[in-house]
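Q: Input: one structure, supplied below.
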Amino acid sequence: MSHLAVKGGTPVRQQSFPVWPVWGNEEIEYLTQVIKSGKWGSLHGEFTPLFEKKFAAYQDAKYGICINSGTTAIRIALTAADIDIGDEVLVPAYTFIATASAVIEAGGIPIFVDIDPQTYNIDVDKAEMAITPRTKAIMPVHFAGRPADMDALRNLADKYHLIIVEDAAQAWGAQWKGRAVGAIGAAGCFSFQSSKNMNAGEGGIITTNDDLVAKMARSHMNCGRSEDGLWYEHFYFGGNSRITEFQSAVLLAQFERYDELKKIRQQNLSYLNNELGKIEGIEVLKNDERITSHACHLFIFRYKKEFFANKSKASFIEAMRKEGIPTSPGYSIPLYKQPVFLKRAFGPRGRSIELPIDYNTVFCPETEKACYEEAVWFTQNMLLGNREDMDSIIESIKKLKSFAQEI
Ligand SMILES: Cc1ncc(COP(=O)(O)O)c(C=O)c1O
């Protein structure tokens, strides 16, 4: 008789995990207010400036500028922070494509740096080795909601006069040594796309403490206008990257509930870290004391197949899913191996453009290991579950370990 569900045994779990998004009367109330006000665009409404103010304060930033997506926020923040055509920007190789594609959109050249397998954030020592006279900026990603090592990054940036732009798309409320991320560097960029812990369907925000970055970002977001200029007077290059009042209304409601949900996620993440860390073959990420708040967008561990009868990550994930645990392999291809990068297909209709780099020559071993062999993800909605939900994850992994030959 088989034990594992993948071989016809009884699954550990039949019921689903908490669904996302979480919403309530507040979203309906605020959306109704927007509709009735007739002010549906962010330039005339009240929700966008209110949300910008509250969110910026939450991230310890002087300014918040709402943008229509996290991707566009990165593109605008880079330009606003003075990244110019042809400038090299160091980015981690293990991240969502927007981290690198927004650099291309801004006219820069993304240079991929490997990750630290202990944190899945950019490896700062390897970043230093990638610096050339053309390096202008570094863009750490606070991956999964875990702040990157901002002390090491600050030292590096100071030593080589680099601009730091934080990709904080997954890091709402994350803190490094008691200070919220997002304005530790010149600017930070957050996403409010559907899967995110703060969700408006789509949306983003730039946070900064720098007056000029804020002014430029607001102008690039709004067709190059200036706050004291005429409506049809355009001073800088920029399109329409504005958010709507509908999104800001939903965001305000999501924001008001955010800390309560963050606490639940944090408790569950720390429980999973403790319990799964005891299982040989499951390597949880490093607990850095300087991280005073983890945004818990994903729970990640490293799978070591040698402790699971040498069964592949793909087979492990399939077996977990059959046990009733929605388990994700995460990014399945290193960013530099994406067809668009290999072919430098950044021109119209996928035509190649000239760049002084051939992405075919890039190799980041830890990123490859994470993609192909080790990284296993659970999404943030699962972290909103109760203790039994977490125990079912743990039990499934232990079951797979006990009957690894069957995977
Ligand atoms: C690390 C990272 N950067 C950038 C983005 C882009 O954000 P958006 O989807 O809002 O454009 C995302 C989210 O999708 C992300 O996870």
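Q: Take the residue pairs K322/K398; K286/K401; K126/K196 and return only those whose Cα atoms are more than 19 Å apart.
A: K286/K401; K126/K196
Q: Shifting gears a bit: Could you identify which residue out of Q254, Q14, Q175 has the top mean-square fluctuation in a GNM of the chain using Cα springs shorter than 10 Å?
A: The residue with the greatest mean-square fluctuation here is Q14.
Q: Once fully extended, how much extra length lies between D391 and I264, figured as 0.36 nm per residue of separation less the alpha-carbon to alpha-carbon distance?
A: This chain segment gains 44.2 nm when fully extended.
Q: Name the shape class, rounded, prolate or oblate, that the alpha-carbon gyration tensor gives for the chain, where a ≥ b ≥ c are the square roots of its eigenvalues, rounded holds for a/c under 1.5, and otherwise prolate holds if a/b is larger than b/c and oblate otherwise.
A: Since a/c reaches 1.5 but b/c is at least a/b, the shape of the chain is classed as oblate.
Q: Let me ask something else about it. Remind me, relative contact order of segment 25-255 in percent, using alpha carbon pairs under 8 angstrom and six or more residues apart?
A: Relative CO of segment 25-255 lands at 27 percent.
Q: What angle, in degrees between 0 and 90 and rounded to the nearest 10, separates the Cα long axis of helix 25-37 from the longest principal axis of the Cα atoms of the chain?
A: It works out to around 20 degrees.
Q: When a/c is below 1.5 the answer is rounded, else prolate if a/b is larger than b/c, else oblate, so apply that to segment 1-112 with a ≥ b ≥ c taken from the square roots of the Cα gyration tensor eigenvalues.
A: Oblate, since a/c reaches 1.5 and b/c is not below a/b.
Q: Helix 70-80: angle to the longest alpha-carbon principal axis of the chain, degrees 0 to 90, nearest 10?
A: Once rounded, one gets 40 degrees.
Q: Now, a different point. Can you sort W231, W172, W377 from fewest to most other Cβ atoms within 10 Å of each residue's own Cβ?
A: Going from least to most buried by this count: W231, W377, W172.
Q: Which far-off residues, 5 or more places away or on another chain, put their amide H under 5 Å from the one on V113, with H placed in the peptide plane?
A: Placed amide hydrogens put V91, A93 under 5 Å from V113.
Q: Further question: Counting only DSSP beta bridges with both residues in the chain, tell me the antiparallel percent, nearest 5.
A: Percent antiparallel among DSSP bridges in the chain is about 65.
Q: Among DSSP beta bridges lying fully in segment 25-255, give the percent that are antiparallel, nearest 5.
A: 50
Q: So, in nm, how far is label L342 from label Q405 when the simple model puts each one 7 Å beyond its Cα toward the Cβ?
A: Going from the L342 label point to the Q405 one covers 3.9 nm.
Q: To continue, here is another question. With n ≥ 4 as the cut-off for DSSP H runs, can you work out [θ] at 222 nm for the chain, using -39500 (n - 2.57) per run divided by the number of residues, rounded to the nearest 500?
A: -10500 deg cm²/dmol
Q: Cross-link list K343/K369; K62/K177; K53/K263; K62/K136; K159/K304; K136/K304: which exceed 26 angstrom alpha carbon to alpha carbon?
A: K159/K304; K136/K304
Q: Can you tell me the FRET efficiency between R349 and A130 if r is taken as the Cβ-Cβ distance and R0 is 45 Å, rounded to the nearest 0.05?
A: 0.90
Q: So how far apart, in nm, are the two label points at R257 and Y271 if each is 7 Å from Cα heading toward Cβ?
A: For the pair R257/Y271, the computed spacing is 2.0 nm.
Q: Report the gain in length on full extension from D228 to S2: 0.36 nm times residue separation, minus Cα-Cα distance, nm rounded to one decimal.
A: Difference between extended and current length: 74.1 nm.
Q: Do you know the relative contact order of the chain, to the nearest whole percent, from alpha carbon pairs under 8 angstrom that are 6+ apart?
A: So the answer I get is 21 percent.
Q: Could you tell me the center-to-center distance, by alpha carbons, between segment 24-73 and segment 124-138 in angstrom?
A: Computed from Cα coordinates, the inter-centre distance equals 36 Å.
Q: Among rounded, prolate and oblate, which fits segment 253-361 when a ≥ b ≥ c are the square roots of the eigenvalues of its C-alpha gyration tensor, a/c under 1.5 means rounded, and a/b larger than b/c means prolate?
A: oblate
Q: While we're here: Assuming 0.36 nm per residue, please report the length gained on full extension of the stretch I279 to R242 beyond their Cα-Cα distance.
A: 8.6 nm
Q: Here is a further query. Can you pull the one-decimal nm distance between simple spin-label points at H161 and I28, each 7 Å off the Cα toward Cβ?
A: 5.8
Q: Against the longest alpha carbon principal axis of the chain, how many degrees, from 0 to 90 and to the nearest 10, is the axis of helix 211-221 turned?
A: The angle comes out near 90 degrees.
Q: Would you mind telling me which residue in S37, S195, S219 has the biggest mean-square fluctuation in a Gaussian network model of the chain, where springs connect alpha carbons within a distance under 10 angstrom?
A: In the Gaussian network model the winner is S37.
Each value in this text was obtained by applying a stated rule to the coordinates, not by laboratory testing. Since the structure is predicted, the reported quantities are computational estimates derived from the model, not experimental observations. Cβ: placed from backbone, ideal geometry, glycine included. Neighbour counts: every protein chain shown.
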